[in-house]
């Protein structure tokens, strides 16, 4: 099936939050802290502004507790006298004219008595009426919870509606609660609708980004290359507030040992408080950081022992019956070595290695190399997370005989609308046109959990099917009833029960045999892992030390592939994000603030920077996944590109990069310090 | 914001004479960047050049190519004759953003924006381009390699308008354009180089390594003289480069990287001309 | 936009007439209004998106006299008497290849992508000197990895 909303997006008809018509509204703006840490001693309002025409909100206007409710209740909605990071929101301003609001914000001076900030996470010590909000978000119920809490309203007086959402990637997991609260405060005080839209500069400077991480590995191996012991230390920069750091750290450390069998594993993780702008969810949620380190380390080990990196992985990749670092026994019958072999074959890994030896011997200033990464990604919430979420979903029967899926999971390009449609239609034998997906409006849809953690298709997709089954049961139909029979039964039911709602319901049930103990951190960390092997081919220009990815192969086992076009697109997009992360994307910090918060200076790959991404799936249906066996797919593709690419750079140049991005500057330093083969370029 | 909307060059010059603080605007690709939040820029006056038809054409004359002040990068990319005679202009133009910017950005705008990282200016300077300025007081021509006097400072009086860029037609025996950026497309140069050789001699022009784009006279001297025989590695170029440029550390790169990358690119791209052993001939004139 | 500003500034409205998607329109604008803002907030054509406001991402691509440009970098007064076309001018039926090949995911960059892609489709001669990837480099996409976009253009070119 084609993407359901494709045509609306292609023609520009899809209405994102800033596209919605709105009458008599005000533009909201945020006044932020200029300093990373200190007491707010004064707020000076510009004298040439007629402030009577503006709505101004500060922390005293918050009806409930001044916190953005998440895991901990430590982060204020608006700073109350003390700031803990640059760009922390202090005041809100609204006016009917956007330009006037901008000028007003500019005229306000927040005076901070600066205190010495902690900005380097590697050295600081370890410390322990109805309000309707519409917006771009991944988790409507997170936003609802935060609004209820800080505004002291019960859920009958707050409603959250997700609007079509551009690229989430985790950036719209926890952060939208802030924007929603700020817009709500201005609206409550002014009694008017308020629109709060960040431009790219404010977005990049003030919202959450991937946690910087430092990972150390010590590894013991047998003479034949088997992993005997892994000792891994993970430190991440959490920033000024807790946000999601504990769960990011959890996923980071659970993935840190890689998809390998090893009996003796110790992984220690810490998240540090600093005065940095808080870090948060970003595709992969900690796993990309630790798997970059782990997969790069595998190649360092291989080089140290003078063994082939492929063989080192072949010996150690998990086999059925072996356990992960948390003691989870893997028994999904996926042949992980076969996944790797397929990637080697499709990329012509061995042939290319030979070709590169010849190329590098004859070419004066170009060096080519191949790099491999084998990795995994656990889908769904970590540990007991899914049990705690208690996700619920409904499939309603419409009066016309069609059905409507009611869930809080949202479309942000990854394909929720299409996949849910396919699942409901296939389960009930309906035409896709007979299926609608409800707008994610908390006043209508049950809480099927957040749209994060690669959980939507695998976990919530399963709920769609079970809710469809439940609907059929409530209609008194046999399990085999399909198509016209179902439609007819729905229509008849409505005639017999006028004005009554009809729906089937499903709630999350833990698959049998899954056990997790949060105290000992032992057990089945995830219901299922997706497995992958990626191969990168790079070319390095020794004159400039610039690296280009010239070929890329991504092979993965993600259970059953429900929609090949969407699945391939997710992988290609993830790989290209990974290419950016590996080679060019870097936040430059100055006094705790992002200095390159522009797309001119924070570069992401263009179409001309990346090759076509070769994608292959090996299918091994997961019995408890949606659609007869889907596993999580969304985050997996960001885990593998960086290590594969950097391993390829190492193979091409002899340098040993351990920090990403491998910018030309960094690579040149490495090669000159190491006295590697820049001789040719000199 | 105040916009002056002239319909002819004389009218534009009159307006500029009356209000020399007015900022001439052609494609707007530099002036409108981050426009909504640059409130201070909203309080200025702009002189809109977009309707001055006389400034548009790219004109071939017997001994020169004249780029009107409104000639865009895309105009140059689409002119096959430019690709034959001044290929560095086309190469540079293709490095300026992508089609959306190439279609709007002008060569004259690139000159007066005076960015040390400009893409078009090095190519123009390597071809000995001249900037033609006009005001109510008359016409003035300034060679591009003497146009800049410091960071974002240039020899253009506030009442003067750049109306054209003149490029002499010559036979070039060697010409290269190199842009070292952080990605292939749409990047701001960390090092830019344009090098030409003709009967007029060598021109080596560098970008992003000094407060202005400039000719590297010490490197040119090295190429012009027997001293080039002593160059057998990129390191050997460092003394000359140190005389010519003074790169800095900034948000995009480091001084050290810029120095080394410039030396290596120059050394390798001009490999045929360095060192004692080979009889050196320009590539365009290969040995039989 | 700032006619009701509470802060005095020297701006005065000017009247601009241009051809928009085939019809003549006249708008009273502040000289500081970008074409992007005029299209979105004055004329209600919200298909054109703002992605970066600095001419990097191409989400705001429209045609000015038939050529793709970034509407975030154009003062509205510069389009007087000129021809502007937005995503709303394209025939949805012609976009089948883009639907089929996975050219869109989240959709935020998509109208800009489609505008540039459609222009390439209309000018296949460009491919004698340029690659599709070079011509598309002014449209950043964070979701697709570009393969879906490039494939769509190839297919659309084949359908001409």
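Details
- Computed from Cα positions, the angle between helix C:110-122 and the longest principal axis of chain C comes to roughly 60 degrees.
- Counting only other chain Cβ atoms within 10 Å of each residue's Cβ, the peptide A:96-108 averages 6.
- Efficiency of FRET between residue C:25 and residue C:93 - r from beta-carbon atoms, R0 25 angstrom, step 0.05: 0.50
- Protection proxy ranking for A:262-271, A:207-216, using the average of other Cβ atoms within 10 Å per residue and placing the highest first: A:207-216, A:262-271.
- Label-to-label distance for residue B:21 and residue A:270 is 5.6 nm, based on points extended 7 Å past Cα in the beta-carbon direction.
- Placing a label point 7 Å from the Cα of residue B:81 along the Cα-to-Cβ direction, the residues of segment B:157-188 whose backbone N falls under 13 Å from that point are B:169.
- Highest to lowest packing among A:21-31, A:344-354, B:158-168, scored as the average C-beta count within 10 Å: B:158-168, A:21-31, A:344-354
- Chain C: angle of helix C:147-158 to the longest principal axis, Cα-based, in degrees nearest 10: 80
- Placing R0 at 25 angstrom, the Cβ-Cβ distance between residue B:238 and residue C:131 gives a FRET efficiency of 0.10 after rounding to 0.05.
- Each of B:238, C:12, A:52 was scored by other Cβ atoms within 10 Å of its Cβ. Arranged with the fewest first, they read A:52, C:12, B:238.
- Ranked list, fewest to most other Cβ atoms within 10 Å of each Cβ, for A:442, A:547, A:456: A:442, A:547, A:456
- The label point for residue A:485 and the one for residue B:173, both projected 7 Å from the Cα toward the Cβ, are 9.0 nm apart.
- Bridge type composition, segment A:16-206 - antiparallel percent by DSSP, nearest 5: 70
- Comparing Cα centroids, segment C:59-129 and segment A:385-451 end up 33 angstrom apart.
- Longest to shortest principal axis, alpha-carbon extents of the protein assembly as shown, angstrom: 91, 76, 65
- For segment A:628-661 versus segment A:514-559, the inter-centroid distance based on Cα atoms is 6 Å.
- For residue B:272 and residue A:222, the FRET efficiency from 1/(1 + (r/R0)^6), where r spans their Cβ atoms and R0 equals 45 Å, is about 0.25.
- Peptide ranges B:141-150, A:100-109, B:81-90 listed from the most packed, as the mean C-beta count within 10 angstrom indicates: A:100-109, B:81-90, B:141-150
- The mean number of partner chain beta-carbon atoms within 10 angstrom of a residue's beta-carbon across peptide A:13-23 is 3.
- Ranking of A:608, B:63 by count of other Cβ atoms within 10 Å, fewest first: B:63, A:608
- Whole-number D in µm²/s for segment A:261-404 (Stokes-Einstein; Kirkwood sum over Cα pairs; 10 °C, 1.306 mPa s): 80
- Averaged over B:263-270, number of beta-carbon atoms from partner chains that fall within 10 Å: 4
- Segment A:61-88-segment B:7-59 distance, computed between alpha-carbon centres (Å): 46
- Model label points for residue B:227 and residue A:13, set 7 angstrom from Cα along the Cα-to-Cβ axis, are 7.0 nm apart.
Any read-out appearing in this document is the output of simple, stated calculations on the displayed coordinates, not a laboratory observation. What you see is a predicted model; the values in this text were computed from it and never measured. Positions of Cβ are backbone-derived with ideal geometry, glycine not excepted, and every protein chain shown enters the neighbour counts.
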